[in-house]
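Each value in this text was obtained by applying a stated rule to the coordinates, not by laboratory testing. Being a predicted model, the structure only gives us computed values, none of them experimental. Don't worry about glycine lacking a Cβ; one is built from the backbone with ideal geometry, like all the others, and counts go over all protein chains shown.
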Amino acid sequence: MELQRLGAGHADALLAFERENRAYFAASIPDRGDAYFERFGELHRALLAEQEAGECHFHVLAGADGAVWGRFNLVDVADGAAELGFRVAAWAAGRGVARDGVRRVCEVAVAEYGLSSLRARAAVDNVGSRMVLVRSGFRQVGEVELNGRPGLRFTRALAE
């Protein structure tokens, strides 16, 4: 599997990933809603424009066949920092895929984007994501509300 910067050529595989895992994701994070899938092409192009402007850096972890195993995004890039968000396919959960993707995107954040720190958030009941963050060097720094649910804030210094 390879961490790849999101491009126009990922649209079909990314849409398949989101559709196939929609119910799985909705169990731990808010559902994207039907409009997301109906307007996927337009939204994908908007993400690429944000990326081109340097506001965000989007990545997919893809298998040799081009199938998306996970998404690893750096958003709200400013002043050497960004917020990390990630999701992996249901079949990949518990297999180290999320941790591997987070490790890789942290490396890219320093080497390619010059970032020095990352922030992340996870719902309290999303134990898997919380464990990935902790095992990836993030430390809990506070609490937050995530779409009406209790959550935790994390941070990680990248340049150590």
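Okay, here's what the table says:
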read-out: Separation between Cα centres of the stretch 101-160 and the stretch 43-88, rounded to whole Å; value: 15 Å
read-out: Highest to lowest packing among 151-157, 51-57, scored as the average C-beta count within 10 Å; value: 151-157, 51-57
read-out: Computed E for Glu143/Glu55 - FRET, C-beta separation, R0 30 angstrom, nearest 0.05; value: 0.65
read-out: Normalised contact order of the chain, rounded percent, pairs of Cα under 8 Å and 6 or more residues apart; value: 18 percent
read-out: Given charges at beta-carbon only (K, R positive; D, E negative), |dipole| of the chain in Debye; value: 600 debye
read-out: Listed residues Asn147, Asn73, Asn21, most fluctuating in the chain (Gaussian network, C-alpha, under 10 Å); value: Asn147
read-out: GNM result for the chain, Cα springs below 10 Å: residue of Ala64, Ala109, Ala26 fluctuating most strongly; value: Ala64
read-out: Label-point gap, in nm, between Ala27 and Arg95 - each point 7 angstrom along Cα→Cβ; value: 1.6 nm
read-out: Per-residue HN-Hα couplings for the stretch 138-146 [Karplus 6.51, -1.76, 1.60; θ = phi - 60°; Hz; x = Gly/Pro]; value: 7, 10, 6, 10, x, 10, 7, 9, 10
read-out: Dipole magnitude of the stretch 1-60, debye to nearest 20 (Cβ charges: Lys/Arg +1, Asp/Glu -1, about Cα centre); value: 60 debye
read-out: Percentage relative contact order, the stretch 99-149, counting C-alpha pairs under 8 Å, at least six apart; value: 38 percent
read-out: Amide proton proximity set for Leu6, modelled H, under 5 Å, gap of 5+; value: Phe58, His59, Val60
read-out: Gaussian network model of the chain, springs between alpha carbon atoms under 10 Å - residue of Arg32, Arg87, Arg130 with greatest fluctuation; value: Arg32
